[in-house]
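Since the structure comes first, as structure tokens, the remarks are kept for the end.
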Amino acid sequence: MQTELNLFSVAVLTPMAGAIVAGLGGRFMGDTLAKVVTIACMAVATLCSVGALCDAWMGGFPHATAPLAQWVHAGGFDATWTLRFDTLSVTMVAMVLTVSLLVHCYSIGYMSHESMPTYRFFSYLSLFTFAMLMLVSSNDLIQLFFGWEGVGLASYLLIGYWYDRPAATAAAIKAFVVNRVADLFFIVGIGLIYVLFHSVQYDAIFAAVPDVLNAPYSVCGVSFRMLEVICFLLFVGAMGKSAQLFLHTWLPDAMEGPTPVSALIHAATMVTAGVFLMARMSPLLEFAPGTRTFVILIGATTCFFAATVGMVQPDIKRTIAYSTCSQLGYMFAAVGVGAYQAAVFHLTTHAFFKALLFLAAGSVIHAMHDEQNMFRMGGLWKKLPVTYVVMWLGSLALAGVYPFAGYWSKDAILNALWASDASYSHYAWAMGSITAFLTAFYSWRLLFLVFHGKPHDDHAREGAHESPAVMTIPLLVLSIGAVVAGVVLAPFYIGAHQGAFWNGAIVNAPANHIMETFEHVPSMIALLPSLAGLCGIALAFVLYVSAPQVPAALARSFGPLYRFLLNKWYFDELYDRIFVRPYAALARVLWKGGDEGVVEGLPLDIVRATRDGALQAVRLQTGSIAIYAFTMLAGLVVLLTVALCG
């Protein structure tokens, strides 16, 4: 067991060493050496994580902890920096590091034409990875929150990496602010957990759940179960980080960052943190049915909403970004019905094919001289043969076509939604099935617009060529995961070996049998998502290959609906009216009236009064003895009059 813990500790800590060395010493060592250091650290960490995973697999995935240092000690509160080693943490660490290593390698080629030094970029990538590892390896909520805020900070730095572009800096600020709104709920939830359980350490919390099931919590005279309130607050925090409906607006704008950043955010870090949190806190969620119903509604609606928007986006990266938002909706819907294992399974398979799709999109953008509008592409399959093939594989996995990775995990979620007797589970199944059709449609819309048909911009297409090996090799490695990850991992994540595999890392209540019953849905129900996906592919072929003039005609005929979807259901405009403009108006009032009028104005008024008084006093100093004598005499008369009258 000690060997696994040592390997696990090295895997978690090594990326931080690379980030520090490259970040602080990159200016002196140069870009090349900074890249070597960060990638070498990532390679060591990845090998250690895979070694720890293999050893744990052979050892039956025992639970263990590795204390590193004393962290917070204040009064009766104590938080030790400790790494948690169980199935959930070790599999997440291995997945995050594998994807991150491939993104680091890919970035060598993608960022090769940058005019500014790139050591800062590679340092930020390693910092981002380290923060995510801290989150998934945490043994208590304080360390988890440290990693949670760390990925938020790193995403801000990476999204706004091109700080000379106003759109990139605005997107970075937007991501940071929206996540801070959700994080307020999360930190309040952590505070209530400490109030209820007198601990923030996972094992202590989970062990005490049966003793506090009916503990009350009153707000404005209305009493709630405290567990429900806590789980609701934690989920709102997860909504922000995982870009669920109402708190999703930052995610598409994050595409302003370099494409490797998009791949890392959408595949292995940041957005998956919310799903991980829900899986980790499953012992609490099992006893919060009201919150789980809310999770189902938000997850199901998000997956449909994002898919409808992805159907009409012209930007290649934004289309894939809305796909991420949609797929996360599937994961949360699974959490809502208690199928946490299926949610984590889809998280894992999604990491491979979504990283593949983003990096393949980056290869297209790289070849097209930074062009991202799909309607200015076309006919690229001969010029980018490797990218074309891997994009096919990633799209097949995303659409859930058998036997690719997405088929196993997404269908497991849909079957669990149908088999569940939870409130709104059939609504979630209906939304998920419709989304399966829409997902296949917009995936092949992207594929046909980019690689098939006639070139739409000969100038942008001129000189397009396949990316260098340092970019294509990561694509090929990820494509293997997109093809085989589902069939290889299904028996362990959701199949016959799931009990021994998870070994208590994810907990289902005794009354929750969803992971046994989801396999017994009717055959037609199980086949429907696959049929829907094939129909979506066929429709995309008809509209964008056989009759490419039809989409434009449909957009004109259904103009209001097309604009509604193109403008992302007008969420940004709505939030601008409800929050941004009133806040800006209030800020102006406080600035002009409060800051300039009172804080700065009052001292200036006092200065002016003092100056004017001094000027008047100066005028009395005339130098005339007669005037001084007359003034003294007048004063003496007034003084005597007052004294005599008194």
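Choose one of PRO491, GLN143, LEU393: the residue whose Cα lies farthest towards the positive end of the charge dipole of the chain (beta-carbon charges +1 Lys, Arg; -1 Asp, Glu; about the Cα centre).
Ranked along the dipole, the leading option is LEU393.
According to a simple spin-label model (label point 7 Å from Cα along Cα-to-Cβ), what is the distance in nm between LEU68 and SER112?
3.5
Could you please state how large a percent of the accessible area of the chain is carbon and sulfur, counting protein chains only and using a 1.4 Å probe?
In the chain, the share of accessible area belonging to carbon and sulfur is 70 percent.
If R0 is 51 Å, what FRET efficiency do you get for SER523 and PHE28 from their C-beta distance, rounded to 0.05?
0.20
If packing is taken as the mean number of other Cβ atoms within 10 Å per residue, what is the order of 283-295, 579-591, highest first? Mind showing how you got there, number by number?
On the way: 283-295: 20.8, 579-591: 11.2.
For the peptides 283-295, 579-591, the packing ranking is 283-295, 579-591.
When we measure straight from the Cα of LYS592, which aspartates and glutamates land under 18 angstrom away, once same-chain ones fewer than 8 places off are left out?
GLU600, ASP605
May I ask you to order 521-533, 426-438, 542-554, 252-264 by the average number of other C-beta atoms within 10 Å around their residues, highest value first?
252-264, 426-438, 521-533, 542-554
With an 8 Å cut-off on Cα pairs and a minimum separation of 6 or more residues, tell me the relative contact order of the chain in percent.
Values: 1040 pairs, mean separation 79.8, N = 646.
Once normalised by length, the contact order is 12 percent.
Starting from the Cα-Cα distance between TYR402 and ARG180, subtract it from 0.36 nm times their residue separation and give me the gain in nm to one decimal.
Stretched out fully, the TYR402 to ARG180 stretch lengthens by 75.9 nm.
Can you tell me the length gained on complete extension of the stretch VAL598 to ARG556, counting 0.36 nm per residue apart and subtracting the Cα distance? Don't jump to the answer; show the numbers that get you there.
Values: separation 42, 0.36 × 42 = 15.12 nm, distance 5.50 nm.
Using 0.36 nm per residue and subtracting the Cα-Cα distance, I get 9.6 nm.
From a point 7 Å beyond the Cα of ASP315 in the direction of its Cβ, which residues of the stretch 575-596 have a backbone N at a distance under 18 Å?
Under 18 Å, as judged by backbone N against the label point of ASP315, lie 575-576 of the stretch 575-596.
Assuming R0 = 60 Å, what is the FRET efficiency of HIS369 and LEU615, from their Cβ-Cβ distance, to the nearest 0.05?
On the way: r = 68 Å, r/R0 = 1.14.
Working from the Cβ atoms, E equals 0.30.
About the Cα centre of the chain, what is the dipole size in debye to 20, counting +1 per Lys and Arg Cβ and -1 per Asp and Glu Cβ, all else neutral?
1240
When the chain is fully extended, how far beyond the present Cα-Cα distance does ALA208 get from VAL484, taking 0.36 nm per residue of separation?
On the way: separation 276, 0.36 × 276 = 99.36 nm, distance 4.01 nm.
Computed gain between ALA208 and VAL484 is 95.4 nm.
In whole angstrom, and with the biggest value first, how far do the Cα coordinates of the chain range along each principal axis?
115, 68, 56
Could you pull out every one of the aspartates and glutamates with an alpha carbon less than 19 Å from that of LYS317, ignoring same-chain neighbours closer than 8 positions?
ASP253, GLU256, ASP370, GLU371, ASP457, GLU466, ASP572
From the residues PHE448, PRO15, THR129, which one has its Cα farthest along the dipole of the chain in the positive direction, the dipole being from +1 and -1 charges on Cβ of Lys/Arg and Asp/Glu about the Cα centre?
PHE448
Pairs to check: LYS174/LYS454; LYS35/LYS354; LYS241/LYS568. Give those whose C-alpha atoms are more than 26 Å from each other in this structure. Provide the component values of the computation, followed by the final result.
On the way: LYS174/LYS454 37 Å; LYS35/LYS354 24 Å; LYS241/LYS568 19 Å.
Distance filter (> 26 Å) returns LYS174/LYS454.
Would you mind working out the accessible area per residue for the stretch 212-323, using a 1.4 Å probe, and quoting it in Å²? Could the numbers behind the result be given before it?
Numbers: 2340 Å² over 112 residues.
Heavy-atom SASA per residue in the stretch 212-323 reads 21 Å².
Quickly estimate the mean residue ellipticity at 222 nm for the chain, helices only: each DSSP H run with n ≥ 4 gives -39500 (n - 2.57), and the total goes over all residues, rounded to 500.
Value at 222 nm, helices only: -23500 deg cm²/dmol.
Along the charge dipole of the chain, Cβ charges K/R +1 and D/E -1, which of LEU247, VAL44, TRP381 sits furthest on the positive end?
TRP381
With r as the distance between the Cβ atoms of ARG588 and ALA643 and R0 = 56 Å, compute the FRET efficiency 1/(1 + (r/R0)^6) and round to 0.05.
Numbers: r = 58 Å, r/R0 = 1.04.
Approximately 0.45, to the nearest 0.05.
Got a sec? What order do VAL178, VAL309 fall in by accessible area at 1.4 Å, biggest, i.e. largest, first?
The ordering from most to least exposed comes out as VAL178, VAL309.
Show me the ranking of peptides 240-250, 114-124, 268-278 by mean Cβ neighbours inside 10 Å, starting with the highest.
Packing order, densest peptide first, comes out as 268-278, 240-250, 114-124.
The values are calculated or read from the model by the stated rules, or taken from the named source; none is laboratory data. This one's a predicted model, so the numbers in the text were calculated from it and none came from an experiment. Heads up, the Cβs are rebuilt from the backbone with ideal geometry, glycines too, and the neighbour counts pull from every protein chain shown. All accessible areas refer to the heavy atoms of the entire protein, side chains included, with ligands and DNA or RNA removed. Shrake-Rupley method; radii C 1.70, N 1.55, O 1.52, S 1.80 Å.
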